[in-house]
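The values are calculated or read from the model by the stated rules, or taken from the named source; none is laboratory data. Fair warning: this is a prediction, and the values are worked out from it, not measured in the lab. Backbone-built Cβ (ideal geometry, glycine too); neighbour counts: all protein chains shown. For accessibility, only protein heavy atoms count, side chains too; no ligands or nucleic acids. Shrake-Rupley method; radii C 1.70, N 1.55, O 1.52, S 1.80 Å.
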Protein chains: 4
Amino acid sequence: MTLDSLAIADIQSASDHRKLRVNQVGIRALRHPIYIENKRGEAQPTIAFFNMYVDLPHHVKGTHMSRFIEILNSRPITLGPENFIALLDEVSNKLAAETAFLEIRFPFFVTKFAPVSKAASVMDYEVCLIGTRNADKSNIILKVLIPVTSLCPCSKDISEYGAHNQRSHVTITAEIRSGLWIEDLIEYVEKEASAALYGILKRPDEKYVTEQAYNHPKFVEDMVRDVARHLLEDDRIGSFTVESENFESIHNHSAYAMISREKN
Amino acid sequence: MTLDSLAIADIQSASDHRKLRVNQVGIRALRHPIYIENKRGEAQPTIAFFNMYVDLPHHVKGTHMSRFIEILNSRPITLGPENFIALLDEVSNKLAAETAFLEIRFPFFVTKFAPVSKAASVMDYEVCLIGTRNADKSNIILKVLIPVTSLCPCSKDISEYGAHNQRSHVTITAEIRSGLWIEDLIEYVEKEASAALYGILKRPDEKYVTEQAYNHPKFVEDMVRDVARHLLEDDRIGSFTVESENFESIHNHSAYAMISREKN
Amino acid sequence: MTLDSLAIADIQSASDHRKLRVNQVGIRALRHPIYIENKRGEAQPTIAFFNMYVDLPHHVKGTHMSRFIEILNSRPITLGPENFIALLDEVSNKLAAETAFLEIRFPFFVTKFAPVSKAASVMDYEVCLIGTRNADKSNIILKVLIPVTSLCPCSKDISEYGAHNQRSHVTITAEIRSGLWIEDLIEYVEKEASAALYGILKRPDEKYVTEQAYNHPKFVEDMVRDVARHLLEDDRIGSFTVESENFESIHNHSAYAMISREKN
Amino acid sequence: MTLDSLAIADIQSASDHRKLRVNQVGIRALRHPIYIENKRGEAQPTIAFFNMYVDLPHHVKGTHMSRFIEILNSRPITLGPENFIALLDEVSNKLAAETAFLEIRFPFFVTKFAPVSKAASVMDYEVCLIGTRNADKSNIILKVLIPVTSLCPCSKDISEYGAHNQRSHVTITAEIRSGLWIEDLIEYVEKEASAALYGILKRPDEKYVTEQAYNHPKFVEDMVRDVARHLLEDDRIGSFTVESENFESIHNHSAYAMISREKN
């Protein structure tokens, strides 16, 4: 900041008399390039949308919005299990706030191998990291949207041949207790789906996934139940929600199911 | 249903052994024409997106998705303060479920008069009605997004002339205790904004709203504080959240603030 | 407009010296309730997004934006084969413009009957009416997005059982020469798809559409070719484009095909 | 591909009897990480959505979709003025097609310096590269969306103080004849806007851009005219369209203008 700015009134810092604490104030929908650490130890470049908030005590008029952006532009941002907490700390320190809140949404890529031909291709998953930090505690939530194939058991059972199937979005929103990777949540979902999705499928692969889906029909209810069982057993995960939205191939609406569990 | 269907296996009704209750299961993103009652006693036609869910006990395999759609197609749907609870009841009865959950999102129109010329035009607001009903109690939440003008007090104060202003989205999410109308929430927000928006503004109106906004600068924090004061005092409203997102005219990101309060 | 406004400068009407005609200028993304005439002679209420433009001669500085909105608010708007041209005329007259351009996008609902149970339900289609009018001629384009089921012939052929299928969006963009209804385009697409979509399907219906899709596999290329044949033969239709986007159930991307033909 | 696949029928390669050439067929909405070359000679990582199409002769039944994905996964993809044509060539060769069509959309980042404090921050722009190649010729179109501030001359003129302003999206769609950079189009727009946008603005910067916008009011018509003048004069640019959408701060709809010019 230049000397000029010292002479300019700082009305954000004025006092406020409405006796109303603001729970969250900050910047939203800021797009910024980052690196995200994956399970293989690489820092993968991606593009994120940032929501960055702090709380504001009842007696202060406004927050200093430009400081959020300064944090992001001070150096390349790499996010991983460890430095996400550090970023929360930096926000609360720089904004002199009791509570800091971060929500960072980005596409994440995994190289997958087609089931028969082993042809390699990357696939994209939508990920959201949500963190809250205050004096007492911090809380980190990992949200991953995993697109899969679902094949309807009812349709298979009642039809002489065929069965309707479709793309489904399975979303896990999980409190992280320790060392959990995005890839771990993807794995839980892909092994429980009727079939996983791939970028490249050659003809022998297409035969494989078609038959695999037909052999593993799942209602939307089955999908969330079978994924929930893994999440309940995994001690790295605290409270969680698992949702599935099936973009029904026979309707113009979705089927949806959700299981939510608290862990103490 | 025809006789034929009686011979077709109903595998949704089969028993399940995973011991996992599903919190919500049903249909999502179904678009359907409805009528919505407004404060003037009219039933206004609109187009809604419906999410309709029930819970599913741990011992049952699946729900009967077509029944949700049958409810919507059994007669014209009119939503208002009274029949929204009735619709929740109908869902839980028809699906034989303990808990029913409805989320209905639609545009709502209000005829407004320009401040000087009094030229009439309709303006659209995005509304969401969210209801939960179980054996013990029902809960209705009204969510309204009200677009307004916000003008920055800091920009006005430090600049010799002008002040940056922009469109803002103020969203109230309020538990309804009794007789609250969509129009009531719109009024709380529009009178606290730097200026309200209008469909038609003739030149004398444009002069009026430009000067009005300049005379009523508001930080994003001011907006949520000033609206929250009305919501705290209104006994028809229970717990609430008020948010403001300002699509900053000087940045490519938004400023955001939120106040959330529990009422007992 | 009040007398006051007469004293206010009208800088839009000032002259411009940049020698650049503006092809289109007006209002965009205005949401407004309308009625749309369907083939059964009913005026169906819906909610539309309006883009309304005129051209601006090189020597005029600006257009009068509020006049577009005045047209929409002057009376209830009903759109049908005849009054769409009248609305174009009204825009060019009221704005004193040589060319008027309208683009009106809205959901359109059709009551459909399930194939076996005959259960009735409405289904939604996204429609866009695009009109251009100038001194010489007017041109009306109807664009309809029809969601259907597609089932992959390759997957069926190479797999011992099952076949991947998914929801597809087939979009027709057709110049209207005379008396063409939205329902006519929907019919062309639904009869060529692997199967049509429905709001309500009871179990016998689900068996029917599952087997129907398996018996009518279609590549994305087949879909556009089979629909194009109808459009080529229909004299009410001039130049056209037909597209299909299949939201592949085995991939996280779409398959796409397009045929475009000029008719003289 | 494994030996197994040799025994699997290739029904895409079968002959077709409908006598209908398919203009475009391929994959759509595939998300893939890429590098984009900028004017400073860096290869900037970003995330792109790819549409990749070829034409299909009337006598062939289908295309081989997996080959598009193989191209993207064969090595890291870097896009710049030279290798975009090479990528088009690769698509038409690998798919044995006469015409290849690519549409690649991605966010592009530029480091900007605040006007007074010189604080550095990156800003994001939405970019689309569109290429067509056939035996005779290739055609490259660059489309860039540049968000800016617009301030209304009418509001300024008629009001005693203040003027409504807002974020606007200015989009240039330009045929590239030679060596044109994304940054060149951004510069044309930002210097003609009422003010440019920035990530970080300290208070002296906010004063500067507020006053700058007030001193440079522009109608939506002015914006497209003033940008069009640069595009007409720049010999690196062929035919072009320039659009501006102003998200009016006093309305819930946009103002829009467009100029389109052919260059021979």
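Observations, loosely collected:
- Taking segment A:21-67 as the range and being of a type in the set (A, V, I, L, M) and more than 20 Å from residue A:134 (Cβ to Cβ) as the test, the residues that pass are A:29, A:30, A:34, A:36, A:43, A:47, A:48, A:65.
- Which numbered condition residue A:180 misses (of (1) in contact with a Gly (Cβ under 6 Å, 6 or more places away or on another chain); (2) in a loop (DSSP other than H, G, I, E, B)): (1)
- Filter result for residue A:113 (buried (at least 20 other Cβ atoms within 10 Å of the Cβ), among the aromatic types (Phe, Trp, Tyr) and under 30 Å from residue D:48 (Cα atoms)): no
- Top-ranked residue in segment B:138-170 [being open to solvent by 20 Å² or more (accessible area, probe 1.4 Å) and touching a strand residue (DSSP E or B) at 6+ places or on another chain (Cβ under 8 Å); ranked as nearest to the other protein chains (Cβ to nearest Cβ)]: B:167
- One residue stands out among those in segment B:100-137 that are polar (S, T, N, Q) and within 20 Å of the chain's Cα centre (by Cα): the one that is nearest to the other protein chains (Cβ to nearest Cβ), which is B:111.
- A count restricted to segment C:230-264 and to residues that are more than 8 Å from chain D (Cβ to nearest Cβ), open to solvent by 10 Å² or more (accessible area, probe 1.4 Å) and assigned to a strand (DSSP E or B) stands at 4.
- Looking across segment B:181-202, the residues that are open to solvent by less than 40 Å² (accessible area, probe 1.4 Å) and more than 19 Å from residue B:226 (Cα to Cα) come down to B:198, B:199, B:200, B:201, B:202.
- Within segment C:189-214, considering residues that are in contact with a Leu (Cβ under 7 Å, 6 or more places away or on another chain) and in a helix (DSSP H, G or I), the one nearest to the other protein chains (Cβ to nearest Cβ): C:214
- Scanning segment C:215-225 for residues that are without any contact (Cβ under 8 Å) to a residue 40 or more places away in the chain and either surrounded by fewer than 20 Cβ atoms within 10 Å (Cβ to Cβ) or within 11 Å of chain A (Cβ to nearest Cβ) (or both) yields a total of 1.
- Residue that is more than 30 Å from residue A:179 (Cβ to Cβ), out of contact with any Phe, Trp or Tyr (no Cβ under 8 Å at 6 or more places or on another chain) and open to solvent by less than 10 Å² (accessible area, probe 1.4 Å), where the choices are A:11, A:69: A:69
- Per the conditions (1) more than 24 Å from the chain's Cα centre (by Cα); (2) free of Cβ contacts under 8 Å to residues at least 24 places away in the same chain, the sole criterion not satisfied by residue B:154 is (2).
- Scanning segment C:185-223 for residues that are under 20 Å from the mean Cα position of the chain (by Cα) and of a type outside the set (Phe, Trp, Tyr) returns C:185, C:186, C:187, C:189, C:190, C:191, C:192, C:193, C:196, C:197, C:223.
- Pair list, Cβ under 7 Å, 6 or more apart: segment B:9-37 residue more than 7 Å from chain A (Cβ to nearest Cβ), other residue among the aromatic types (Phe, Trp, Tyr) and open to solvent by less than 30 Å² (accessible area, probe 1.4 Å): B:32/B:50; B:33/C:109; B:34/B:106; B:36/B:106; B:36/B:108
- Counting only residues that are over 15 Å from residue C:255 (Cβ atoms) and out of contact with any Leu (no Cβ under 8 Å at 6 or more places or on another chain), segment C:144-155 holds 1 of them.
- Qualifying positions in segment C:80-105 - open to solvent by 10 Å² or more (accessible area, probe 1.4 Å), more than 29 Å from residue C:59 (Cβ to Cβ) and modelled with pLDDT of 95 or more: C:105
- Checking each residue in segment D:171-188 for being within 14 Å of another protein chain (Cβ to nearest Cβ) and not polar (S, T, N, Q) picks out only D:186.
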